[in-house]
Structure formats: structure tokens, C-alpha cells
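Participant: Let me begin by handing over the structure; questions about it come next.
The values are calculated or read from the model by the stated rules, or taken from the named source; none is laboratory data. The structure presented is a predicted model; accordingly, all values stated were derived computationally and were not measured. Please note: Cβ atoms are built from the backbone with ideal geometry, for glycine as well, and neighbour counts cover all protein chains shown. These area figures cover heavy atoms from the full protein model, side chains too; ligands, DNA and RNA do not enter into them. Shrake-Rupley method; radii C 1.70, N 1.55, O 1.52, S 1.80 Å.
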Amino acid sequence: MTEKNAVELVEQWQTGFFFVIGSALFGALLATLLSSIKPPVGGLIGFFGGAALAFLAFSYLSYGR
């Protein structure tokens, strides 16, 4: 593996890591907000829906269309 390929691999892993962590944090934030409105279901929908929407938004902003 050349140095350039190793650097690209690390950059890809870092980007993926930040996508996952950012999506989970946004999902947790949305779950907290929605669980105060409708406790059991709102939190679950907020977490998974918020994480999915955040991941799509981060991907779109990073990679374009």
C-alpha cells in the first residue's frame, strides 16, 4: 500500500466515523425533543428518523448529487 492510498483510506474512515457520530447525535437530539411530545413512540421515531435524515444531509453536503 502506498502512502497516498493509506492517507486516502484514513480520510475515508474519518469521514465515515464523523457521519455516523453526527447522525447518532442528531438522532438523539431529535429523539429527546419528540419524546417530550409523545413519549415512547416519538423518541424511537425521532432517533431513527433523525439519524437517517442527518446521514442523508451530510452525504449530500459532502458528495453532492
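Participant: Please go through the range 1-27 and pick out each residue that is closer than 19 Å to SER59 by Cβ, free of Cβ contacts under 8 Å to residues at least 40 places away in the same chain and either touching a His at 6+ places or on another chain (Cβ under 9 Å) or open to solvent by less than 60 Å² (accessible area, probe 1.4 Å) (or both).
Facilitator: Residues satisfying the conditions are GLY16, GLY22, SER23, ALA24, GLY27.
Participant: Let me ask you something else. Output the number of the condition that ALA54 fails; it satisfies all remaining conditions of (1) touching a residue at least 40 places away in the same chain (Cβ under 8 Å); (2) surrounded by 14 or more Cβ atoms within 10 Å (Cβ to Cβ).
Facilitator: (1)
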